Amino acid sequence: MAAASGSGEDVPTDGVPADGAPEDGAATGGAPVEDLRTGEIPTDIDPHPADAIYADGPSTAELDASDVTAEGTDAAPAASSDGDKTPGGDKTPGGDKTPGGEGGDGTRGANPDGAPDPEKAAEPDEVIHEPDDVESDTTDDDSGEARRVGPGGETRPMESDGGRPSPKAALVYNPIKVDADALRDIVTRLAADAGWSEPLFYETTVDDLGDDVTRQALDEGVDAVLVAGGDGTVRAVSEAMSGSGVPLSIVPSGTGNLLARNLKLPLTEPEAMVKAVFDGDTLSMDVGWTELARPDGTTAEHAFVVMGGIGLDAAMIANTNPQLKKTVGWVAYVDGAARALPMAKPFRVVYELPGHRLHSSRVQSVLFANCGKLPAGLDLIPEASVADGALDIVIFQPKGPFGWLFVWRRVAWDNSFLRRFRAGRRVLSLRTKDNAVIYSRGAGIEIATHEARPVQLDGDEFGEALSVKTRVEPSALVVVVPKGHDTDDL
């Protein structure tokens with residue numbers, strides 16, 4: 001797909017593209033481009049359930065007709081109920097083997113959906129490193145080399161000892177985000193109580209946010225992985241575990257806990273999520289993948305589990321003071337917003353959803369999301385699901401300074417407050433939706449710009465890119481949830 005123009009002018013309504021914008025059939029593979037004025041809605045994108053509550057929103061029939069999952073793949077199954085497998089090792093009525101159980105064919109991490117074998121996913125040639133411009137948390141005297149540690153924090157050899165009996169778990173943690181000693185003690189104690197062997201412990205470093213050591217843990221044949229750290233650590237570990245079939249338990253820590261919030265996991269009880277590894281349920285969730293094309297011609301692909309974006313949202317994250325973030329947590333993003341908004345200017349993009357025509361529009365930001373909830377109770381995408389086999393697309397295109405008032409009304413008032421009450425939903429049903437925020441849903445989106453724009457994934461900046469191509473891998477990550485956890489609206 002061709003790069004869009006960086007022009008700041010509105011697109012004429014007579015079909016003549018703005019200066020620098022790609023003409024129909026030129027540099028777009030011959031495909032026509034629908035040119036849009038600021039605030040105008042594309043005519044052919046799929047309707048989104050978040051708009052159904054408004055007077056001019058889509059009907060149930062329209063939503064059913066446009067329901068999109070990844071081609072040839074069913075939506076992810078719900079969390080296991082009584083009788084289904086759990087990480088602790090109970091057999092299902094059909095005799096299937098769980099991570100800690102006996103019986104079955106003994107194949108580690110086998111995925112019934114035919115996902116890649118974890119042995120292949122752990123091959124060194126497949127290791128994906130973070131971009132050089134991503135700054136990671138580390139201690140001042142950290143060597144930057146990944147290391148495995150014992151229960152007391154002592155360094156252990158990275159090589160597999162080949163002598164540990166199954167089942168066994170591995171903990172990957174960011175040492176500056178958690179109380180390492182206390183967490184290792186909890187994991188060791190609960191593993192012993194459950195009859196599991198001594199756990200493996202891995203620390204993240206400035207050079208390894210968690211993906212490399214997670215592959216090392218998978219290569220050692222672990223039956224479950226626990227991750228404790230910030231959103232960046234969770235993202236990196238999830239990337240390495242995508243398609244492995246090995247359950248992942250997210251021990252809430254750090255500042256955002258975005259995935260834990262969206263899964264409604266206990267945020268203040270780390271022991272509860274450690275215990276769930278041995279007696280909890282599992283949920284298969286989708287993983288998003290983003291291919292970034294850099295200004296220097298290089299490309300890189302990274303996973304995300306919450307959401308990513310290009311434009312203003314990434315600029316806000318890039319402008320957030322790191323020290324302030326460590327001190328006050330997600331509230332520091334307010335500071336980043338205050339720094340980014342005065343310089344925010346709409347930019348032209350060309351974007352395309354699979355199966356639809358190209359669109360050219362001026363936007364402030366484009367988000368591609370697997371989850372919809374943000375800190376402070378903000379519900380960005382009310383109908384988002386981690387297990388629907390699709391990504392939710394949000395395009396911010398406020399028209400002028402006052403347009404931001406409509407963005408705030410939609411996100412903070414309509415989505416996060418009025419929808420919670422019957423009277424509020426009645427009010428929304430009598431009102432038409434505004435066009436400052438456009439919602440859609442699909443198997444991915446491809447975006448191109450004329451000038452490189454900042455990109456973020458799960459709240460971490462990933463440098464700048466000229467184009468972004470996203471896709472969804474349905475049911476690629478098996479996450480642990482507490483026993484009996486309600487997953488109906490996840």
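Listed values, structure above:
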item: Pairs with Cβ under 8 Å, 6+ apart, first in segment 234-250 and more than 22 Å from Asp279 (Cβ to Cβ) and outside the structural domain of Arg261 (by TED's automatic domain parsing), second at pLDDT 95 or above and outside any helix (DSSP H, G or I); result: none
item: Strands (runs of 3 or more DSSP E) completely within segment 427-490 that count 3 or more residues being under 30 Å from Asp279 (Cα atoms); result: 460-481
item: Any hit, segment 294-311, residues being of a type outside the set (Phe, Trp, Tyr), modelled with pLDDT under 90, farther than 24 Å from Asn262 by Cβ and assigned by TED's automatic domain parsing to the domain that holds Gly400; result: no
item: Test for Lys264: is it among the basic types (Lys, Arg), closer than 19 Å to Arg189 by Cβ, surrounded by fewer than 24 Cβ atoms within 10 Å (Cβ to Cβ) and not assigned by TED's automatic domain parsing to the domain that holds Ile317; result: no
item: Among residues of segment 407-440, those that are over 26 Å from the mean Cα position of the chain (by Cα) and either closer than 20 Å to Ser365 by Cα or among the acidic types (Asp, Glu) (or both), counted; result: 2
item: For Val172: the one exception among (1) at pLDDT 95 or above; (2) buried (at least 24 other Cβ atoms within 10 Å of the Cβ); (3) not in a strand (DSSP E or B); result: (3)
item: Top-ranked residue of segment 222-251 - restricted to ones that are in a loop (DSSP other than H, G, I, E, B) and modelled with pLDDT of 95 or more, ranked as surrounded by the most Cβ atoms within 10 Å (Cβ to Cβ); result: Pro247
item: Total residues in segment 392-417, condition farther than 30 Å from Thr470 by Cβ and either modelled with pLDDT of 85 or more or among the aliphatic types (A, V, I, L, M) (or both); result: 0
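To keep it simple, each residue is scored yes or no on (1) under 17 Å from the mean Cα position of the chain (by Cα); (2) more than 20 Å from Ile250 (Cα to Cα).
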| site | (1), (2) |
| --- | --- |
| Ile447 | no, yes |
| Ala452 | no, yes |
| Asp458 | yes, no |
| Glu461 | yes, yes |
| Arg471 | yes, yes |
| Ala476 | yes, no |
| Val479 | yes, no |
| Asp486 | no, no |
| Leu490 | yes, no |
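The values are calculated or read from the model by the stated rules, or taken from the named source; none is laboratory data. Keep in mind the model is a prediction, meaning the values are calculated, not measured. All Cβ positions, glycine included, derive from the backbone under ideal geometry; neighbour counts span all protein chains shown.
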